[in-house]
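Participant: Quick one: this structure, given as structure tokens, is what I'll be asking you about.
The values are calculated or read from the model by the stated rules, or taken from the named source; none is laboratory data. This is a predicted model, so every value here is computed, not measured. Virtual Cβ from ideal backbone geometry, glycine too; neighbours counted across all protein chains shown.
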Amino acid sequence: MPAPLFDKIALIGIGLIGSSLARVIRREGLAGHIAISTRSAATLARAGELGLGDSYSTDPAIAVAGADLVVVSVPVGASGEVAEAIAPALKPGAIVTDVGSTKGSVIAQMQPRLPANVHFIPGHPLAGTEKSGPDSGFAELFENRWCVFTPLPGTDPAALEKLSEFWRRCGSNVDTMDPDHHDMVLAIVSHLPHIIAYNIVGTADDLQTVTKSEVIKYSASGFRDFTRLAASDPTMWRDVCLHNKDAILEMLARFSEDLASLQRAIRWGDGEKLFDLFTRTRAIRRSIIEAGQEVDAPDFGRQGLAHPEKGAASKA
Ligand code: NAP
């Protein structure tokens with residue numbers, strides 16, 4: 001195995017993203033020492049039971065002492081507090097990064113609190129699931145997914161390259177973007193789909209009890225595909241909505257206009273318009289499969305559920 005990329009990596013926050021990083025760092029031998037910090041004693045103890053790190057503390061300042069790379073993986077609304085707590089203990093020359101789903105707000109919270117002698121490079125791995133906590137992570141999470149950096153003006157190119165190499169060794173492809181552009185792109189590819197899912201599942205939940213049981217029973221006809229997104233972590237998504245407000249409201253306005261136009265087409269029996277839209281959207285899914293960001297298995301690869309024996313055979 002090649003020499004570790006960093007002597008010591010500190011992971012602040014050890015949920016889905018932090019624990020997936022811990023696992024891939026270990027598998028790839030990317031750190032001489034993995035220091036873990038999380039807010040609660042219960043999560044820290046679980047990380048210890050899972051053997052995710054080499055040292056553990058509920059005090060993030062202890063974890064970052066002497067670390068060459070610090071990765072902050074907490075809900076975006078907690079970024080400022082964490083920056084404040086770690087700032088006095090950071091090693092000069094350390095790289096400090098985050099994984100938050102919004103970038104403008106994380107930069108506004110962290111940059112003023114961090115010392116000038118560290119390299120602060122905001123980042124966002126575009127990889128995840130609806131699960132949370134240290135048990136939900138897995139080393140393959142970042143494989144063939146994008147990690148987007150939103151470097152600040154004056155970022156040291158060598159530090160950016162070292163962080164890029166780290167994420168490449170975690171399996172990701174890397175890209176850079178302006179923070180505002182990142183927040184606009186993510187509003188449409190991630191934030192809006194989650195909000196739509198929360199909304200439709202919420203609407204179903206508000207229906208009368210008898211209808212609700214039918215929603216569950218007949219969910220395989222489409223509804224259940226929204227429920228995966230709507231099962232995502234409430235704290236994380238509350239923070240995303242509050243911290244990417246402008247871009248989300250802009251995308252929601254466009255979405256509402258388009259929905260009204262679709263509603264009109266249905267009302268007036270405009271079959272041509274409906275057919276044209278549904279043809280265009282089908283092509284988008286084809287492009288996603290061609291880009292390697294989805295598999296071409298029908299029904300999201302879930303036949304194993306309806307025909308367990310077939311599912312088992314196809315895995316062999
Ligand atoms: P998670 O599984 O819920 O884990 C959150 C971690 O942050 C836990 O260690 C938790 O500590 C800690 N934490 C929670 N509230 C905190 C607070 N107020 N102050 C300090 N620490 C706090 O979350 P995750 O899915 O890994 O998400 C972490 C970050 O990654 C978020 O910023 C999210 O936007 C971003 N992200 C998530 C995904 C995804 O699909 N989940 C994808 C890309 C990026 P305790 O358990 O000890 O309280």
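Participant: Only one of Ala63, Ala67, Ala42, Ala3 is part of a helix (DSSP H, G or I) and more than 10 Å from the ligand (Cβ to nearest atom). Can you tell me which?
Facilitator: Ala63
Participant: What pairs come up if the first residue lies in region 19-35 and is among the charged types (D, E, K, R), the second is at pLDDT below 95 and surrounded by 23 or more Cβ atoms within 10 Å (Cβ to Cβ), and their beta carbons are under 7 Å apart, counting only those six or more places apart or on different chains?
Facilitator: none
Participant: Right, here's the next one. Which of the residues spanning region 144-154 are assigned to a loop (DSSP other than H, G, I, E, B) and either within 14 Å of the ligand (Cβ to nearest atom) or of a type in the set (Val, Ile, Thr) (or both)? It would help to see each step written out before you state the result.
Facilitator: Within region 144-154, the first condition is being assigned to a loop (DSSP other than H, G, I, E, B), and the residues that meet it are 144-145, 150-154.
Arg145, Thr150 - these are the residues of region 144-154 that are assigned to a loop (DSSP other than H, G, I, E, B) and either within 14 Å of the ligand (Cβ to nearest atom) or of a type in the set (Val, Ile, Thr) (or both).
Participant: Can I ask one more? Of all residues in region 1-43, which are closer than 19 Å to Gly100 by Cα, surrounded by fewer than 24 Cβ atoms within 10 Å (Cβ to Cβ) and hydrophobic (A, V, I, L, M, F, W, C)?
Facilitator: Val24
Participant: Scan region 47-58 and give yes if some residue there is of a type in the set (S, T, N, Q), at pLDDT 95 or above and under 26 Å from Trp237 (Cβ atoms), otherwise no.
Facilitator: Scanning region 47-58, I find at least one residue that is of a type in the set (S, T, N, Q), at pLDDT 95 or above and under 26 Å from Trp237 (Cβ atoms), so the answer is yes.
Participant: Same structure again: Could you check, for region 191-208, whether at least one of its residues is surrounded by fewer than 15 Cβ atoms within 10 Å (Cβ to Cβ), within 16 Å of the ligand (Cβ to nearest atom) and farther than 29 Å from Pro298 by Cβ?
Facilitator: no
Participant: Looking at Glu130, Glu84, can you tell me which residue is out of contact with any Phe, Trp or Tyr (no Cβ under 8 Å at 6 or more places or on another chain) and within 20 Å of Leu21 (Cα to Cα)?
Facilitator: Working: Glu84 fails: within 20 Å of Leu21 (Cα to Cα).
None of the others qualify; the one that does is Glu130.
Participant: Modelled with pLDDT of 90 or more, closer than 20 Å to Thr129 by Cα and of a type in the set (S, T, N, Q): which single residue out of Thr281, Thr227 fits that description? Can you show your working first?
Facilitator: Numbers: Thr281 fails: closer than 20 Å to Thr129 by Cα.
Step by step, each of Thr281, Thr227 is checked, and only Thr227 is modelled with pLDDT of 90 or more, closer than 20 Å to Thr129 by Cα and of a type in the set (S, T, N, Q).
Participant: Pick out the one residue from Ala3, Ala65 that is over 22 Å from the mean Cα position of the chain (by Cα), modelled with pLDDT under 95, over 27 Å from Ser232 (Cβ atoms) and of a type in the set (Gly, Ala, Ser). Working first, answer last.
Facilitator: On the way: Ala65 fails: modelled with pLDDT under 95.
Sole residue among the options that is over 22 Å from the mean Cα position of the chain (by Cα), modelled with pLDDT under 95, over 27 Å from Ser232 (Cβ atoms) and of a type in the set (Gly, Ala, Ser): Ala3.
Participant: Follow-up. Being outside any helix (DSSP H, G or I), without any contact (Cβ under 8 Å) to a residue 24 or more places away in the chain and of a type outside the set (Ser, Thr, Tyr) is the requirement here; does Ala127 meet it?
Facilitator: Spelling it out, it is not the case that Ala127 is outside any helix (DSSP H, G or I), without any contact (Cβ under 8 Å) to a residue 24 or more places away in the chain and of a type outside the set (Ser, Thr, Tyr).
Participant: Would you confirm whether any residue within region 18-33 is within 7 Å of the ligand (Cβ to nearest atom) and touching a helix residue (DSSP H, G or I) at 6+ places or on another chain (Cβ under 8 Å)?
Facilitator: Scanning region 18-33 turns up at least one residue that is within 7 Å of the ligand (Cβ to nearest atom) and touching a helix residue (DSSP H, G or I) at 6+ places or on another chain (Cβ under 8 Å).
Participant: Still on this structure, I have one more. Could you grab me the full set of residues in region 79-91 that are within 14 Å of the ligand (Cβ to nearest atom), buried (at least 17 other Cβ atoms within 10 Å of the Cβ) and either of a type outside the set (Gly, Ala, Ser) or free of Cβ contacts under 8 Å to residues at least 12 places away in the same chain (or both)?
Facilitator: Val82, Ile86
Participant: State which residue is surrounded by the fewest Cβ atoms within 10 Å (Cβ to Cβ) when the search covers only region 111-137 and only residues that are of a type in the set (Val, Ile, Thr) and within 16 Å of the ligand (Cβ to nearest atom).
Facilitator: Among residues in region 111-137 that are of a type in the set (Val, Ile, Thr) and within 16 Å of the ligand (Cβ to nearest atom), the one surrounded by the fewest Cβ atoms within 10 Å (Cβ to Cβ) is Thr129.
Participant: Need pairs with beta-carbon distance below 8 Å; first residue closer than 16 Å to Ala10 by Cβ and in contact (Cβ under 8 Å) with a residue 40 or more places away in the chain and within region 40-59, second among the polar types (S, T, N, Q) and within 10 Å of the ligand (Cβ to nearest atom); sequence gap 6+ or separate chains.
Facilitator: Sorted first by the residue in region 40-59, then by its partner, the pairs are Ala47/Ser19; Ala47/Thr38; Leu52/Ser19.
Participant: Please work out which residue is nearest to the ligand (Cβ to nearest atom), limiting yourself to region 92-101 and to residues that are aliphatic (A, V, I, L, M) and under 20 Å from Pro75 (Cβ atoms). Lay out the reasoning, then the answer.
Facilitator: Step one: list which residues in region 92-101 are aliphatic (A, V, I, L, M), which gives 94-96, 99.
Then drop every residue that is not under 20 Å from Pro75 (Cβ atoms), which leaves 96, 99.
Numbers: Val96: 15, Val99: 4 Å.
Of everything passing the filter in region 92-101, Val99 is nearest to the ligand (Cβ to nearest atom).
Participant: Still on this model: Looking at Arg264 and the list (1) of a type in the set (D, E, K, R); (2) away from the ligand (no atom under 16 Å from the Cβ); (3) surrounded by 13 or more Cβ atoms within 10 Å (Cβ to Cβ); (4) at pLDDT 95 or above, which single condition is not satisfied?
Facilitator: Exception for Arg264: condition (3).
Participant: A follow-up question, please. Cβ contacts < 6 Å: first residue within 13 Å of Gly77 (Cβ to Cβ), restricted to region 102-116; second residue modelled with pLDDT of 95 or more and surrounded by fewer than 21 Cβ atoms within 10 Å (Cβ to Cβ), any location; separation 6+ or different chain. Result?
Facilitator: Gln109/Gly80
Participant: May I ask you to list the residues in region 221-264 that are outside any helix (DSSP H, G or I) and either closer than 14 Å to Ile195 by Cα or under 16 Å from the mean Cα position of the chain (by Cα) (or both)?
Facilitator: Of everything in region 221-264, those that are outside any helix (DSSP H, G or I) and either closer than 14 Å to Ile195 by Cα or under 16 Å from the mean Cα position of the chain (by Cα) (or both) turn out to be Ala231, Ser232, Asp233, Asn244.
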